Amino acid sequence: MKIGIISDTHRNYDYIEKAMQFLTKKQNVDAVYHLGDDYDDVKALEEYNVEVAQVPGIYDDGYRNKTIPAKITESVLGLNILLVHSLQNDATDDDIFRADIILHGHTHMEELRLEEGHLFINPGHLKGQLDRNKAPTFAVLTILDREVSAVVYDLKFKPVNSIEIARTENGLHKSYG
């Protein structure tokens, strides 16, 4: 299964459109996960006929007044995927322990990291040309029976970071070979 991951879109519909064209037409993703800021930006994804999962960001009223859950868990091919906006504010140690893959945003800085059998993915932001001195990025997560991979792309659709992980009955491990 292929999942597109976007975060911190901040009503930049041009960048959302550009990323979605690549995700749906070139990557053929099965789903798109949106990690917040802004929650209503997901309406721009409706025309693409893909499954969508989302969490709100800190600027969303539903986040502040707790009417929208700040975290959700998706299960994909036996892996638990935790979606949160802010890793520090929204995920507990127990949440992370129970998740195989943790998707988060908020910092606007892309990250792919395997730590103690847990894959952490921050796709970066789609806010503007530069934010916090970082160019806009988004990610693709591919989950197969024996491996998991993730690639972060810039808006020229060039990979800027990637990771390949072996999947065994004992969890996720660095892939060698």
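List of remarks:
- Residue match in region 58-67 (condition: free of Cβ contacts under 8 Å to residues at least 60 places away in the same chain and closer than 24 Å to GLU147 by Cα): no
- Where MET109 falls short, out of the listed (1) touching a Ser or Thr at 6+ places or on another chain (Cβ under 8 Å); (2) assigned to a loop (DSSP other than H, G, I, E, B); (3) aliphatic (A, V, I, L, M): (1)
- Against the test of being closer than 27 Å to HIS118 by Cα and surrounded by fewer than 17 Cβ atoms within 10 Å (Cβ to Cβ), the options GLU51, GLU47, GLU17 yield a single qualifying residue, GLU51.
- Of everything listed in (1) modelled with pLDDT of 95 or more; (2) surrounded by 14 or more Cβ atoms within 10 Å (Cβ to Cβ); (3) more than 19 Å from GLN54 (Cβ to Cβ), the single unmet condition for PHE97 is (2).
- Annotation: of all residues in region 106-121 being in contact with a helix residue (DSSP H, G or I) (Cβ under 9 Å, 6 or more places away or on another chain) and under 14 Å from ILE81 (Cβ atoms), the one that is surrounded by the fewest Cβ atoms within 10 Å (Cβ to Cβ) is HIS118.
- One residue from ALA150, ALA135 being crowded, with 17+ Cβ neighbours inside 10 Å and either within 12 Å of the chain's Cα centre (by Cα) or touching a residue at least 12 places away in the same chain (Cβ under 8 Å) (or both): ALA150
- Some residue of region 77-88 being exposed (fewer than 15 other Cβ atoms within 10 Å of the Cβ), out of contact with any helix residue (DSSP H, G or I) (no Cβ under 7 Å at 6 or more places or on another chain) and within 18 Å of GLU110 (Cβ to Cβ): yes
- Boolean, ASP60 is over 14 Å from the mean Cα position of the chain (by Cα) and at pLDDT below 95: yes
- Test: residue in region 63-84 that is more than 22 Å from THR142 (Cα to Cα), out of contact with any Phe, Trp or Tyr (no Cβ under 7 Å at 6 or more places or on another chain), of a type outside the set (Gly, Ala, Ser) and assigned to a helix (DSSP H, G or I): yes
The values are calculated or read from the model by the stated rules, or taken from the named source; none is laboratory data. Since the model is a prediction, treat every value here as computed from it, not as a measurement. Neighbour counts are summed over all protein chains in view; Cβ atoms, including those assigned to glycine, are modelled from backbone coordinates with ideal geometry.
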